[in-house]
Amino acid sequence: MRRYLILRILQSLIIVAAITVTVFVVLRLSAGDPARLRAPVFASPDVIDQYRRDFGTDQTILEQLTRFLWGAVRGDLGTSFRFQEPVMDLVLVALPRTLALAGCALGLALSVTIILGSLAALRPNSIWSVLATVIATIGQSAPVFWTGVLMVLFFSVRLDWLPSGGFTGVSSLVLPAVAVALAIIPTQVRILRSSMSAVLKEEYIRTAHAFGLSERRITFFYALKNASLPLLTVIGVDIGYLLGGVIVAEVVFAFPGIGELALVALNARDYPLVQGITIVTASIFVIVNLLIDLAYSRIDPRIRMERT
Amino acid sequence: MNETMLDTGCGPRPARRTGYLRRHEIGPGLALGGVLVLAIVLITLAAPFLAPADPYAPNLMSVRQPPSAEYLFGTDAVGRDLLSRILYGAQISLIVAGLGMLGSLTFGTLMGMLRGIGPRWVGPIVDRMIDIQLAFPYVLLAIAITSAVRPSVPVLIVLMVLSGWAGAARVVRAIALQESGKDYVKAAQIIGASRLRIAVFHVFPSVWPSLAVLAAMQTAAMIVFESTLSFLGMGVQPPTPSWGGIMLEGKNYITTSWWLTLLPGLAIMLTSLSLVLIGDGLDLRAKRLRQRAAQT
C-alpha cells in the first residue's frame, strides 16, 4: 500500500509539473510580446525595453521558465497585469468560493442521484424510473448557462426569492449550485441506476433478503456501497466537467470565483493570471483524482489487496 | 395464419417479431430522435430558403419586437429577425459539432486502439494523457487557448476535438483491452497477423457499435459546448449568428425580452435532446441485439 501511495503521489507531481511547463511555454510562445501590449502605443523602444525588464521577458524562455518554476514552488505565480497584485493572492480569494460552489453542487447532485438512481433501479417500471430517464435525457441536453438564465428569470426577476447574481452570502450559492447540479446529475443517475440494478441481482443481496432485512436497509446500505464504486470513478473522471460547469455558472450569475476571474483575465489579456489560474486548478484536479483513487481502495478491499 | 400453425408444430419459439422497427430493435426514443435530427439537418441545409429575412440586416425601426405574425420569433436588439438568425446559427453549430465529433472520434479511436493493441510501452503514456485530458476543465482549456489565439471556427473545432477525444479513447481502450485478451485475437497473433491488421479487421468491428453511440452523445455534448463558448464570448464572433452568441446578446435584455434567450436555448436543447435520444436508443439497441444473439 505504501509503495502504491508513493508511486501515485510521484506520478501526480510529474503531471502537475508537465501541465505547468506546457501552459507556460504555450502561453509565452503564442501570446506575443506582453511589453508591447501593455506599453503605451507610441512608447519609445527604451520604454518598451523597460517594460520587458519588468516582466522578465527580456530573458530567454528557458531562463524565464526556470525562474517561474522556482517561484511557483515557493507559492509565487507572478504578478497580474490587470490588478497589479500577486496572482496567488487573487487566486486564493476566488478559489474558496469556487470550491464552495462546486461542493454544494456536487452534494446536491449526489443526494438527488442516490435517491433517484436507487429508486429507479429498485422499481424499474415505476414513476421514479420514468423521472430518472426524463432528467437524464433533458438534463444532458440543457446547457448550464441556459438553465441558469431561466432560473434567474423565474426565481429572481418574477418571484424575487433569490439574488440573481453576485456574492452576498449563502443565498447567492443556491441558484448557481442548482444549475450546475442539473448538469452533472444525468451522468451520475445513469451510472448509479445501471450499477445498482446489477448489484441488486447479486447473491449476497438475496441472502440479505433471506435474513429478513428491510428493503430500505438492503438498498441503501448493502447494495449502495458496491453500486457507488462506478459512481465514484465517474465523479473523479468528470471532475473537469464539474468545474467547467461551475465556471460557466459563475459567469452567468456574476459569482466572483475562479471562473469569473479567468474570464476577466482573458478579456484583459492578463497572461500571468490566466496561467496562474490554469496551473492552480489543474493541480487541484490532479489532487482530487489522487484522493478519489485512494478512496476507491478504501471502499473496495479487493482493490487494496490487488495493489499491495 | 399458416406460419403460426407451423410454429406451434415446431415447439416453443421466441415470439416472432413483426414490423421493420421491431425486427431491427429500433425503439420509440431512437425513432423519434432520428426523425428529429433528420428534420433539423434538413431545415439547417435549407436555411437560406426558409429564413424570412437577412440574418445580418438590422432594422432600427423594429427593435426587440416580441414574436408576432410578422416576426415569428421576434427581433433582437438591433431589429434583426430572430428566426433567421437561429436558422443560420444552426449551420455554424452543426458544422462545428459535426466536424469536432469526427475529429474527436478519429483521434480518440486511434489512441484507444494504440493503448489496447499497441506495443506495451505506450500503455502508461496514453493512460496518463487520457487522465490529464479528462482532469482538465474544458472551459479553462478554452480560456487558455482563446487568450492566445483569436477565436474562429477552426479554433472552435480544435477545441471540440481536444475536449472530446479522451472520452472516446477511454471507451475504445476498454473494449480493445477486453477483446485483445480473447482467443480469436490470440489465434490471429499466432498465425502471424500484424498488430495493425488485428486492430483494423478483428478488434474494430467490436468497437463500432459503441462508436455509433459515442458519435451521437459527443455531437450532443459539442453542440452544448460550442454554444457555451459562444455564450462566454469565446466562440463564434459577432455578427455571425450562433445560438450561444444570440443568447449572449440577449442576456442584457432578459427582464424585458425573454424570447432572445429562451428561443435559441430551446433550439440548442431540442437539437442535443434528439441526439441524446439517438445515443440512448442505439445503446439500448446494441444491448437487445446482443441478448437476441445470446438467445439463439
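The values are calculated or read from the model by the stated rules, or taken from the named source; none is laboratory data. Just so we're clear, the structure is a prediction, and the values are computed from it rather than from any experiment. Ideal geometry is used to build each Cβ from the backbone, glycine not excepted, and the neighbour counts take in all protein chains shown. For the accessible areas, the whole protein counts, side chains as well, though only heavy atoms, and no ligand, DNA or RNA atoms are used. Shrake-Rupley method; radii C 1.70, N 1.55, O 1.52, S 1.80 Å.
Some notes on this structure:
- Between the C-alpha center of segment B:188-216 and that of segment A:174-235 there is a gap of 33 Å.
- Protection-proxy order for peptides A:225-231, A:248-254, each taking the mean of Cβ atoms within 10 Å per residue, highest first: A:248-254, A:225-231
- Highest GNM mean-square fluctuation among B:Ile278, B:Ile43, B:Ile190, for chain B modelled with Cα contacts below 10 Å: B:Ile190.
- Amide H contacts of B:Thr75: B:Arg64, B:Gln65, B:Leu82, each under 5 Å away and 5 or more positions distant or on a separate chain (H built 1.01 Å from N in the peptide plane; Pro and chain starts excluded).
- Within a Gaussian network of chain A (alpha carbon springs, distance under 10 Å), most fluctuating of A:Phe255, A:Phe81, A:Phe154: A:Phe154
- Note on segment A:43-147: Cα-Cα pairs beyond 15 Å make up 78% of the total pair count.
- Radius 13 Å from Cβ of A:Asp238, net charge of other residues (Lys, Arg +1; Asp, Glu -1): +1
- On Cα atoms only, tilt of A:258-267 relative to the major axis of chain A in degrees: 40 degrees
- Helix A:271-299 vs. chain A, principal-axis angle (Cα, 0 to 90°, nearest 10): 30 degrees
- Protein accessible area in chain A, 1.4 Å probe - carbon and sulfur %: 65 percent
- In this structure, the amide hydrogen of A:Thr79, modeled 1.01 Å from its nitrogen in the peptide plane, lies closer than 5 angstrom to those of A:Val87, counting only residues at least 5 positions away or on a different chain.
- Here the Karplus relation 6.51 cos²θ - 1.76 cosθ + 1.60, evaluated at θ = phi - 60°, turns the backbone of segment A:116-131 into coupling constants of 5, x, 5, 4, 5, 6, 5, 10, x, 10, 8, 5, 5, 5, 4, 4 Hz, with x for every Gly and Pro.
- For A:151-157, mean number of other protein chain Cβ atoms within 10 Å: 2
- Average accessible area per residue (Å²) across segment B:47-295 - probe 1.4 Å, nucleic acids and ligands excluded: 44 Å²
- Alpha carbon centroid spacing (whole Å) that separates segment A:72-100 from segment A:247-273: 13 Å
- Take the Kirkwood radius over Cα pairs of segment B:47-295, plug it into Stokes-Einstein at 25 °C and 0.890 mPa s, and you get 121 µm²/s for translational diffusion.
- Using the Cβ-Cβ distance between A:Arg2 and A:Ala268 with R0 set to 45 Å, the FRET efficiency works out to roughly 0.45.
- Cα convex hull, the protein assembly as shown: 223 Å³ per residue, rounded to a whole number.
- Peptide A:240-246 is shielded by partner chain Cβ atoms: per residue, an average of 6 of them sit within 10 Å of its Cβ.
- For chain A, the Kirkwood estimate of the hydrodynamic radius, built from every pair of different alpha carbons, is 22.3 Å.
- Which of B:Gln218, B:Leu282, B:Thr256, positive extreme of dipole for segment B:47-295 (C-beta unit charges): B:Leu282
- Loop sites in segment B:123-215: trypsin sites (Lys or Arg not before Pro), DSSP, at most 16 other Cβ within 10 Å: B:Lys182
- Between helix B:153-180 and chain B there is an angle of about 20 degrees, using the helix long axis and the longest principal axis of the Cα atoms.
- Loop-resident sites, segment A:125-221, for GluC sites (Glu not before Pro), counting at most 14 other Cβ within 10 Å (DSSP): A:Glu202
- Average beta carbon contacts from partner chains per residue of B:162-171, 10 Å cutoff: 1
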